[in-house]
Structures are given as C-alpha cells and as structure tokens.
Amino acid sequence: MPFGHDMVHSLATAVDLVNTSPATGGEDRLDDLEKLAEFVDRWQISGVRGLGAADLAQVRALRDAFHKVFTAPDQATAVIRLNTLLSETRITPRLTEHDGHALHVHYFAPGASLGEHLAADLGVALAHLLVEGEWERLRTCSAPDCERVFVDESRNRSRVYCDSRTCGNRMHVAAYRARRRA
C-alpha cells in the first residue's frame, strides 16, 4: 500500500479498536477504563490525560461507528457513514513532533477528548483510503467463525483472513484434511 507510517499506524489502530467489539465475534475487550488505558498505551495515543467514564462511552460509540464503515456494503455507503462520523468531529490539522516520533500531522484539536482524537485521526486515515480508491481493502475475515475486520495491505488485494497464523492456518488445515478424506 502506498501509505506512510502514520497512515498505516492509524489504520491498524482503527482495526484494533473495531476488533475490541463483541460485534466482531468475541467478547467485549473495551468494557472498562483499565482496558481503555491499555488500548491507549498499546497504540501510543498522545495527549491523553485522565480517562473517565465519558471517554469509555464515547470511544465505544466510535468503535461501533467505525465498524459500520468497515462493514458497509459498498463504497458509497462507507463514504456516507464516514462523513457522518467526521462531521461530528472538530478537525484541526497541525504538524507536531513528540515522544521521539518524526514530524507528522495530528488532525484533532488541542484539548480534544480521546473520542474526538480517535475520530479525527482514524477517520482521516480511512478517508484517505477511500479517496485513493482503496475501499475494497477494508475487509471482514473470511473464516466462517470469525467476524474480525482488517485492512488488506497486500499488493494484489488478495488477503482474506484477519490473521494468517490463526484463521488462515486453521482454514488451510481444514481444507487439507478435507482433501485427504476425499
């Protein structure tokens, strides 16, 4: 994919956020403030000061909105859903350097809540993906018992499983065993 480090990081953060939802076939991995803090630390989200119940509620609602973008039936619907999400966010692009990271763009307003921060940064990354005509890279795992989302970063857009070590390997082993029985 022709996207820089910041873009890839934001897309991966969006994928991880969506995949914390029970809607993706697992348990809720964002059901308390401790798990929200772990998410913030894991993705090195800057400028976050003291998380509260309102942050948790806002991020969980945002997670559901991003899930609807990933699972849109077509690009036009994804655009409408993403525009709705972005219209509720104060987007204030600014250049910044922090925590040892090179100069990059933040899209959230100074002092924004965690939810606004994520909506702006991750929403803009998804918007760039759509603008580049890469909507089909937003995928849901093809394994029958998995509904996790991912961004297909392969050159030929051929990735079908959220993780080749788990779902991919499981499906390949099942296909091999089925061939051996036949």
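The values are calculated or read from the model by the stated rules, or taken from the named source; none is laboratory data. Computed from a predicted model, the values in this text were never measured in an experiment. FYI the Cβ positions are ideal-geometry reconstructions off the backbone, even for glycines, and counts take in every protein chain you see. The area values use the complete protein model at the heavy-atom level, side chains included, leaving out ligands, DNA and RNA. Shrake-Rupley method; radii C 1.70, N 1.55, O 1.52, S 1.80 Å.
Once you measure Cβ to Cβ distances between cysteines in the chain, which Cys have no partner under 4.7 Å?
Cysteines of the chain left without a disulfide-compatible partner: CYS167.
Looking at the chain, identify the longest residue range that excludes and avoids all GluC sites (Glu not before Pro) in DSSP loops having at most 14 other Cβ atoms within 10 Å. Please report the intermediate quantities before stating the final value.
Numbers: sites that count: GLU27, GLU88, GLU97, GLU132, GLU153.
Longest stretch, sites excluded: 28-87.
So if I take the alpha carbon set of segment 1-152, get Rg, then get Rh from the Kirkwood formula, what is the Rg over Rh ratio?
0.94
Run through segment 75-155 and list the trypsin sites (Lys or Arg not before Pro) located in a DSSP loop whose Cβ has at most 15 other Cβ atoms within 10 Å.
Hits after loop and neighbour filter: ARG90, ARG155.
Grab the Cα-Cα distance for GLU97 and ARG155, subtract it from 0.36 nm times how many residues apart they are, and report the gain in nm with one decimal.
17.8 nm
Expressed as a whole percentage, what fraction of the accessible surface of segment 31-182 belongs to carbon and sulfur atoms when a 1.4 Å probe is rolled over the protein heavy atoms? Can you show the working numbers first?
Details: 4470 of 8790 Å².
Solvent-exposed carbon and sulfur of segment 31-182 make up 51 percent of the total.
Averaged per residue, what accessible area in Å² does segment 105-182 show with a 1.4 Å probe, protein chains only? Kindly include the intermediate steps, with their values, before the conclusion.
On the way: 4290 Å² over 78 residues.
I get 55 Å² per residue for this part.
Most mobile of GLY115, GLY100, GLY52 per a Gaussian network model of the chain (Cα springs, under 10 Å)?
Greatest mean-square fluctuation among the candidates belongs to GLY100.
List the trypsin sites (Lys or Arg not before Pro) in segment 47-77 that DSSP assigns to loop (not H, G, I, E or B) and whose Cβ has at most 15 other Cβ atoms within 10 Å. Which are they?
Details: sites: ARG49, ARG60, ARG63, LYS68; in loops: ARG49.
Those that pass, being in a loop and sparsely packed, are ARG49.
Can you give the alpha-carbon Rg of segment 1-90 over 2.2 N^0.38 Å, where N counts its residues? Intermediate values should be presented prior to the final figure.
Details: Rg = 13.7 Å, N = 90, 2.2 N^0.38 = 12.2 Å.
Working it through for segment 1-90, the quotient is 1.12.
Could you work out the local net charge near ALA112, counting Lys and Arg as +1, Asp and Glu as -1, over the other residues with Cβ closer than 14 Å to its Cβ?
Here the count lands on -1.
How large is the direction-averaged shadow of the alpha-carbon convex hull of segment 65-182, in nm²?
So the Cα hull casts an average projection of 10.0 nm².
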